[in-house]
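Data first, discussion second: the structure below is written as structure tokens.
The values are calculated or read from the model by the stated rules, or taken from the named source; none is laboratory data. What you are looking at is a predicted structure, and each value in this text was computed from that prediction instead of being measured. No Cβ is skipped: glycine too gets one built from the backbone with ideal geometry, and neighbour counts run over all protein chains shown.
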Amino acid sequence: MQKLALVGLGASGLFALKELAGAQIEVHVFDVGPAYAKRYPCPIDQGKLEICPPKACSYCAPGQSAGSWNDFKVILTASSVIGGRLYDLMGERELQRRLDAVKETIITHAKVEIPVVKPSQDDLQWIKKRATLAGMTYHYQELLHCGSDNAPAINTSILDQIVDAGPNLTFHWNTLVSCVARSDDKFAVKYDRYRFPGEGKEELFDYCIISVGRGGANWLTQQEFYKELDVQPGQVDIGVRVETSCYFTEEVDRRFYEPKLYFRSRRHNDVVRNFCSNPRGFVTPENHRDYVLVNGHSKMFEKSDNNNFAVLVSKTFTRPFKDPQLYSQTIAKVANMLAGGGPLLQRLGDLRAGRRTKTLQNNLVKPTLEAECGDISLAYPHRILEGIIEYLDSFNKICPGVSDESTLLYAPECKSYPDAIAVSKSMETTIPNLFIIGDSSSWTRGVGQAATSGLIAGEAIKIRVRDSGNVFPSGAAAGVEQSVETFCAAPQPDAAIT
């Protein structure tokens with residue numbers, strides 16, 4: 001029996017595994033996190049803490065910070081703008097069919113009823129009018145929000161069903177894959193324990209699926225095979241996590257939960273958008289070992305008095321610059337340096353006035369994350385901050401109060417994406433039998449389409465194993481049905497949804 005290596009078990013890897021369970025191929029799963037059943041629960045949920053610490057606990061550590069574990073928000077609409085770019089790869093009808101299958105799987109394994117947020121015609125008229133008057137563009141979506149507190153049960157239930165159906169599966173938890181290299185027509189995978197290395201091993205595999213997510217963007221570029229892929233520099237999103245009173249946003253929260261609102265900055269014509277809204281949610285740190293970002297999540301049962309969401313400015317670079325990930329990481333590290341190693345926090349009123357925030361005493365909005373007060377303008381380019389302030393001023397016309405002086409801004413909120421990688425409709429790269437799925441492929445921007453990419457890759461491999469005896473047709477590049485040039489010629493993705 002031939003062997004397959006699946007590197008990373010977030011949403012995309014989990015749904016690829018769902019298709020491969022029971023297939024006539026030996027599947028080895030590598031993930032830096034612990035087994036699903038042993039994942040570290042949120043210490044706030046346990047009652048051990050009342051507020052997130054400045055540096056993230058292992059709840060948000062690598063291997064546990066996937067979108068399907070934190071907040072677990074799933075876009076269910078086959079859109080060419082939000083959620084990713086699979087619409088361009090497979091078309092609306094096929095994408096919608098897959099998203100419906102993802103939804104059905106999640107709902108089936110949920111322990112409680114999780115309603116789908118679907119705006120009515122009155123809601124759509126309401127938001128389109130207000131968005132137009134504010135100089136913004138609204139993009140329709142249906143949404144399934146599971147909440148961080150429901151994520152462990154749902155993911156574990158899905159995996160348990162997969163394990164029951166898959167005697168061909170071997171799991172390597174708490175394992176870091178340091179290198180994936182080509183060895184003739186196979187793949188050499190080097191791996192070791194994540195937290196206590198020292199027993200490194202190397203195995204050969206006939207197939208390899210990479211699903212390392214956004215967090216693995218830098219790791220992916222360091223792999224030996226990467227220079228053989230057909231790629232173009234990807235985009236980065238740089239912004240802040242905004243925290244304001246839930247009463248300012250309750251009208252849009254009630255109707256949409258998270259409206260997708262896009263804006264073109266007046267001076268620089270940059271795309272600015274909101275992202276990952278969490279009504280009555282919590283701001284949380286996201287530990288990347290070398291730097292700490294901020295993120296947000298909300299729960300099905302526990303609520304705060306605040307709403308938090310990201311405001312991001314999207315940037316796509318051209319030659320000669322070709323390391324957008326390093327650019328965003330450098331900004332993040334400078335912000336951490338100013339805050340003494342963690343997130344930086346500033347009142348919007350202080351940012352406008354050009355002064356550092358020294359205290360939040362008597363501030364209208366109380367933070368849900370303990371962070372160091374300071375001056376974000378010392379770390380961020382002026383162009384980025386100008387776009388963020390313009391966005392909040394426009395958003396204020398829809399939700400009066402959002403751009404109040406008491407609104408809190410957390411930094412850094414940076415999203416680094418892998419380069420745009422050419423793949424076939426089955427998510428196969430120009431290298432035979434190498435599949436890259438989920439956000440690490442650059443084709444998806446959230447749980448829904450990431451899971452979809454895993455489904456189609458798993459299906460393709462299962463069919464190849466069953467029908468063609470693992471024989472790949474000559475000319476790997478011939479299987480790539482949309483080149484990266486075609487991808488980059490199309491409008492670049494404005495959305496990067498978690």
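Let me confirm something: among ALA411, ALA451, which residue is crowded, with 21+ Cβ neighbours inside 10 Å and not assigned by TED's automatic domain parsing to the domain that holds ILE75?
Criteria check complete, one pass: ALA411.
Tell me which of these GLY147 doesn't satisfy, since it passes every other one: (1) at pLDDT 95 or above; (2) in a loop (DSSP other than H, G, I, E, B).
All conditions are met except number (1).
Testing SER157 on (1) assigned by TED's automatic domain parsing to the domain that holds GLY438; (2) in a strand (DSSP E or B); (3) within 28 Å of the chain's Cα centre (by Cα), one condition comes back false. Which one is that?
(2)
Please tell me if VAL365 is surrounded by 19 or more Cβ atoms within 10 Å (Cβ to Cβ), β-branched (Val, Ile, Thr) and in a loop (DSSP other than H, G, I, E, B). Step through it out loud before you land on a result.
Working: surrounded by 19 or more Cβ atoms within 10 Å (Cβ to Cβ): yes; β-branched (Val, Ile, Thr): yes; in a loop (DSSP other than H, G, I, E, B): yes.
Against the criterion (surrounded by 19 or more Cβ atoms within 10 Å (Cβ to Cβ), β-branched (Val, Ile, Thr) and in a loop (DSSP other than H, G, I, E, B)), VAL365 qualifies.
Taking the range 424-442, which residues are surrounded by 24 or more Cβ atoms within 10 Å (Cβ to Cβ) and either at pLDDT 95 or above or part of a helix (DSSP H, G or I) (or both)? Step through it out loud before you land on a result.
Applying the first criterion (surrounded by 24 or more Cβ atoms within 10 Å (Cβ to Cβ)) to the range 424-442 yields 427-429, 435-442.
Hits for the range 424-442 are MET427, GLU428, THR429, PHE435, ILE436, ILE437, GLY438, ASP439, SER440, SER441.
Given the criteria assigned by TED's automatic domain parsing to the domain that holds SER79, in a strand (DSSP E or B) and either buried (at least 18 other Cβ atoms within 10 Å of the Cβ) or out of contact with any Asp or Glu (no Cβ under 8 Å at 6 or more places or on another chain) (or both), does VAL163 qualify?
no
Look through the range 279-305, keep the residues that are under 15 Å from the mean Cα position of the chain (by Cα) and at pLDDT 90 or above, and return whichever of them is farthest from SER403 (Cα to Cα).
Top of the filtered list is LEU293.
Of all strands (runs of 3 or more DSSP E) completely enclosed by the range 1-106, which ones contain at least 2 residues that are in contact with a His (Cβ under 8 Å, 6 or more places away or on another chain), at pLDDT 95 or above and not hydroxyl-bearing (Ser, Thr, Tyr)?
Answer list for the range 1-106: 3-7, 26-30.
VAL212: touching a residue at least 24 places away in the same chain (Cβ under 8 Å) and within 30 Å of PRO285 (Cβ to Cβ), yes or no?
Taking the combined requirement at face value, the residue satisfies it.
It is to be established whether one or more residues within the range 328-347 are under 30 Å from ARG255 (Cβ atoms) and of a type in the set (A, V, I, L, M).
Yes, there is a match, as at least one residue in the range 328-347 is under 30 Å from ARG255 (Cβ atoms) and of a type in the set (A, V, I, L, M).
Taking the condition under 19 Å from TYR417 (Cβ atoms), at pLDDT 95 or above and under 23 Å from the mean Cα position of the chain (by Cα), does ILE331 pass?
On the way: under 19 Å from TYR417 (Cβ atoms): yes; at pLDDT 95 or above: yes; under 23 Å from the mean Cα position of the chain (by Cα): yes.
Considered against the rule, which asks whether it is under 19 Å from TYR417 (Cβ atoms), at pLDDT 95 or above and under 23 Å from the mean Cα position of the chain (by Cα), ILE331 comes out as yes.
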